[in-house]
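The values are calculated or read from the model by the stated rules, or taken from the named source; none is laboratory data. This is a predicted model, so every value here is computed, not measured. No Cβ is skipped: glycine too gets one built from the backbone with ideal geometry, and neighbour counts run over all protein chains shown.
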Amino acid sequence: MPDSPGTADRTADPRRWKALTFIALAQLMVVLDATIVNIALPSAQTDLGISSGSRQWVITAYALAFGGLLLFGGRVADLWGRRRTFVTGLIGFAAASALGGAAVTPAMMFGARALQGVFGALLAPAALSLLAVMFTDGRERAKAFGIYGAIAGGGGAIGLILGGVLTEYLDWRWTFYVNIPFAAIAALGALAVIREPSAARNNSSLDVPGVLLSTLGLVSLVYGFTRAESDGWTDGLTVALFVASAVLLSTFARVESRVRAPLLPLRVVADRNRGGVYLSLGLAVIAMFGLFLFLTYYLQVVKGYSPVETGVAFLPMIAGMITGSTQIGARLMTRVRPRLLMGPGFLVASLGMLLLTQLETDSSYVALILPAQLMLGLGMGTAFMPAMSLATVGVHAQDSGVASAMVNTSQQVGGAIGTALLNTIAAGTTTAWVADHIAAAGSSPQAQQLVRLQGMVEGYTTAIWWAVGILLTSATLAVTLVTTRGQGTPVTSSDELRKDGGSPDDAPVLAAMH
C-alpha cells in the first residue's frame, strides 16, 4: 500500500504492513475463541463429565480472568514493551489452549480456560496498542484500523463456523488445538517484522494498588452479571458482587487521581470523545452478544440447522462487517467526523436488529434473516472501525496500551451484561408465554412442543426489541459525545488540541497520529 505524504511517513517502520498481518492474525485468534468454544461445549461436557451446574465455568473462568486483568495487561504492554508482551501473550495462549485440548478432568479444563483469559488479557491490548504506535499517518491508520475492525467485528461469527466444522468433522478438542498454529505463526512473524518505536515505552513504576483494585472490581462486576443470568438479579451473592464492584472501582478511581504513576491515567477516560467511544462501544456489544446467542439458538433449535449450517448462516454478517469496516469506515474516516460514521452505523445496525423482531417459528432465512444480517454487519463495521481508532488518538504513546485495554474492557463488560441481561429477559418472557398457552395445546406432545418453540421465539424477539433500544442509545451517545473532527486533519494549536480531547503537551503525539 502506498504511503501517504507527510512527516510521519519518513520515520515510519517500512515493515509495518507486514506487522499488521500478524497482529490481525493474533486478534482473530482471540476473538474467534470467544465463540468457538461455545459450539464445542456440549461435546466437551459429555466427554469430561462436567455437570450441568458447573459447565458455565468453561465460559466464566475465561471471562473473569480476561475481563479482570485487561487493564493490568495494557499497562504491562506500556511498561514492558508491546512486542514482548504480544509475543508472551501468544506463547502463553497457545500453551493454555494445548492444556485445554488435552484436558481429562473438569478442573483441568477450567484451569486451561482461566489461563487463556490471563494471556488473552496480555495479548489483546498489546495488539491494539501496537497498531496505535506503528500507524501514525491518518490515511494509513484508517486502512490498518479498517482491517483490524473487520476482524474484531467478524471474528465471533467466524468462530461459530470454525467451531461447527471442527466439532462435527474432527473433535471438540480441535477447537483448542487450532489456536496453536495461529499463535506460532503470529509469534514468529512478530519477532521477525515488528519493531516498536523506542519512544513509546513507559518507564514509570507499576501502580500495584491500582492493579489490585481494578482487577478485583472488574472480576466482581463480570461475575455479578454471570451469576445474575443463572441465579437471578436479586440473589444475595449477585447483589453483593455488584456492591463490591461499585466500592472497589470507585476506590480505584480515587486512588488513580492521587498516585504519581497511575495504572489508568484518568485523562484517558475523562476525555469526552474517548469516553463516548467506550460507552457507545460497550452498549453496542451488549446488543451484539445477545444477538449471537439468540440467533444461534433460533437457527439450531427452532430451524434445525446443524452447527456447520449455523456457522455458514452467519457469513452475510461477516461480509457486511468487512465491507463496512474496510470500504466505508476506512475510506471516510479521514474525511468526515467520526460521529458521522459511528452514529449512522449504529442506526443502520439497529434497523437490521429491528427486522429480527419479526421472527416467527417459520420465518424465511432469505427473506428476513439474510437482509437483517447484512444491515447489522454493514452498520457495525462502519461504526466499530473509527471508534477503535479514535479510542487511541490523542493518547500519550506511553499510555496507548492501557487506552487500548479500555476498548477491550468496554467490550468484555458489555458482553457480560448483554449475555446476562438479554438472556434473562428472553427466559422470563418464554416462561410466561408457555405458561399462558400450554393448556390450550392439550395433551398432544407435538402441540406442546410447538408451544415451547413459539415461546422461545417470543422470548428472543422481546429481548431483540431491547437490543434495538440499546443500539439506538449507542447511536445517540456517539453523536452527542464524540465531537472531534475527522481523524486525518492535522492538529497543531493548543486550542485545537483541547477541542480534540488532548493537552498542549500532547501536540507531538496528536500531530503524528493525525
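Step by step: first the residues of region 436-469, then only those that are without any contact (Cβ under 8 Å) to a residue 24 or more places away in the chain and within 36 Å of the chain's Cα centre (by Cα), then the one that is surrounded by the fewest Cβ atoms within 10 Å (Cβ to Cβ). Which residue is that?
Q449
Determine whether region 249-259 contains at least one residue that is closer than 28 Å to T484 by Cα, assigned by TED's automatic domain parsing to the domain that holds M353, in contact (Cβ under 8 Å) with a residue 24 or more places away in the chain and in contact with a Gly (Cβ under 7 Å, 6 or more places away or on another chain). Checking region 249-259: not a single residue is closer than 28 Å to T484 by Cα, assigned by TED's automatic domain parsing to the domain that holds M353, in contact (Cβ under 8 Å) with a residue 24 or more places away in the chain and in contact with a Gly (Cβ under 7 Å, 6 or more places away or on another chain). What do you reckon, is R84 among the charged types (D, E, K, R) and within 24 Å of L248 (Cβ to Cβ)? Criteria not met by R84. Applying the criterion of being loosely packed, with under 14 Cβ neighbours inside 10 Å and small (G, A, S) to the residues of region 219-245, the residue that is farthest from the chain's Cα centre (by Cα) is G236. Among the residues of region 80-89, those identified as buried (at least 23 other Cβ atoms within 10 Å of the Cβ) and under 16 Å from L69 (Cβ atoms) are T85, F86, G89. Every listed requirement among (1) over 30 Å from A463 (Cα atoms); (2) free of Cβ contacts under 8 Å to residues at least 60 places away in the same chain is met by D271 save one, (2).
Residue by residue, here is whether (1) among the β-branched types (V, I, T); (2) closer than 26 Å to M288 by Cα; (3) modelled with pLDDT of 85 or more holds:
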site	(1), (2), (3)
I59	yes, yes, no
L64	no, yes, no
A94	no, no, yes
R113	no, yes, yes
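What do you reckon, is M321 crowded, with 20+ Cβ neighbours inside 10 Å and either closer than 21 Å to W465 by Cα or at pLDDT 90 or above (or both)? It is false that M321 is crowded, with 20+ Cβ neighbours inside 10 Å and either closer than 21 Å to W465 by Cα or at pLDDT 90 or above (or both).
Assigned by TED's automatic domain parsing to the domain that holds E196 and either surrounded by fewer than 24 Cβ atoms within 10 Å (Cβ to Cβ) or not aliphatic (A, V, I, L, M) (or both): does that describe L422?
When the stated conditions are applied, L422 does not pass them.
Taken over region 266-281, the criterion of being under 19 Å from F72 (Cβ atoms) and crowded, with 21+ Cβ neighbours inside 10 Å is satisfied by V268, Y278. Considering only residues that are closer than 16 Å to M380 by Cβ and not hydrophobic (A, V, I, L, M, F, W, C), which ones fall in region 447-474? Hits for region 447-474 are T473, S474.
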